Amino acid sequence: MTAGGRAACVIGWPVEHSRSPLIHHYWLKHYGIAGEYRREAVRPEDFAAFIGSLAARGYVGANVTVPHKEAALALSKPDERAGAVGAANTLWLEGGVLHSTNTDVEGFLNNLDACAPGWDRGADKAVVLGAGGAARAVVYGLLMRGVERLVVINRTLQRAEALRRQFGARVAVLPWPELGPALVEASLLVNTTTLGMQRQPPLTVDLAPLPAHAAVADLVYVPVETPLLTQARARGLRTADGLGMLLHQAVRGFALWFGVTPTVTAELRALIAADIAR
Ligand code: NAP
């Protein structure tokens, strides 16, 4: 443990791009906590040894990013969320045991609740684009919140089918050309693909079939304002962006490591948005 406080880190390979240090440093300063949060660049072959020596290195826990999230799950005691998503992004030591969770689930739901309060009132159908790791967190979260029917649409159908097998009969799979009809009567559309991200192909969706009460969420946060969100707002629909999710998913780790549940403030949002815009 470092002088005067606790320390946590983000472990990745590479890790320079991670915005977690900016977020946690903001909260440490905001709450006057003498803690530390560092970047740790760790090669895949060194990851097991690294997290096996977290305590010896002075850490009370860590965030885990690409490519270590599956290894982190296997090398820790995961909660139900991390198990369902198949990946862990937050680790903490408790009684000498390394625990893990996946905070993308609550990051997604808490941001959606903040941006579109009541979105789940009578939410009987949601459409999820994508079937990767982020989609698993979103599908798990939406089922947990009681959405009755989920339609998963993905370029590679087999990946969507795997999701349906894992999450059961409330999940249906459709090919991409069926997106238009799937949006009819859907109360939520979520993009979990990388489409619309900087240096990726654009996401082209006609939002006209969505009902007026629907909300649209995009997990992409570079850029913060994606064309999908611009298009949704132009139609008068409520939106939730990927930056909000990124900030909300960081809350739990900070609370576990530093003992204070932090607030996602407008000032923090502006700080990270400015960094993304750079
Ligand atoms: P992933 O496991 O690699 O999945 C990528 C998804 O994008 C797959 O469904 C893939 O379809 C689809 N895709 C990629 N290129 C495509 C293309 N050209 N056409 C159609 N579909 C395409 O990645 P992930 O971890 O799920 O992350 C997905 C996105 O979510 C990323 O933009 C990531 O930054 C974002 N994310 C944001 C947060 C947050 O806090 N805001 C958290 C987690 C993730 P195939 O299966 O056909 O390849």
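Just so it is clear, none of the values below were taken in a lab; they were calculated from the coordinates. Nothing here was measured: the structure is a model prediction, and the numbers come from that model. Every residue, glycine as well, gets a Cβ built from its backbone with ideal geometry; the counts of neighbours run over all protein chains shown.
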Whole-number percent relative contact order across the chain, with pairs defined as alpha carbons under 8 Å at least 6 apart: 16 percent
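Note down the relative contact order for region 1-155 as a percent, whole number, built from C-alpha pairs under 8 angstrom at least six residues apart.
After rounding, I find 18 percent.
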Quick query: amide H of THR103 versus all other amide H atoms, modeled in the peptide plane; which residues come in under 5 Å with a sequence gap of 5 or more or a different chain? ASN89, THR90
Percent relative contact order of region 1-40, based on C-alpha pairs within less than 8 angstrom and at least six residues apart? 59 percent
Net charge of neighbours whose Cβ lies under 15 Å from the Cβ of LEU174, counting Lys and Arg as +1 and Asp and Glu as -1: +3
Ratio to report: Rg/Rh of the chain, with Cα atoms as the point set and Rh obtained by the Kirkwood method; give two decimals. 0.97
Work out from phi, with θ = phi - 60° and the Karplus expression 6.51 cos²θ - 1.76 cosθ + 1.60, the ³J(HN,Hα) of each residue of region 87-98, listed in order in whole Hz, and give x for Gly and Pro. 7, 10, 10, 9, 10, 8, 8, 9, x, x, 9, 8
Chain lengthening between ALA48 and GLN198 when straightened (0.36 nm per residue, less Cα-Cα): 50.8 nm
Using all C-alpha to C-alpha distances in region 123-257, build P(r) with 5 Å bins and read off the rounded percent in each one. 2, 10, 21, 24, 22, 14, 5, 2, 1, 0
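Provide the net charge surrounding PHE108, with neighbours chosen by a C-beta distance below 13 Å and charges set as Lys +1, Arg +1, Asp -1, Glu -1.
Summing Lys and Arg as +1 and Asp and Glu as -1 gives -2.
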Would you calculate the separation in nanometres between label points at GLU94 and GLU185, each defined as 7 Å from the Cα along the Cα-to-beta-carbon direction? 4.2 nm
Using a cut-off of 22 Å between alpha-carbon atoms, which lysines can reach LYS77, once sequence neighbours fewer than 8 places away in the same chain are excluded? LYS69
For ALA270 and ALA255, calculate 0.36 nm times their separation in residues minus their Cα-Cα distance, and state this gained length in nm to one decimal. 3.2 nm
What does the net charge come to around ALA232 if you take all other residues with beta carbon closer than 14 Å to its beta carbon, with K and R at +1 and D and E at -1? -1
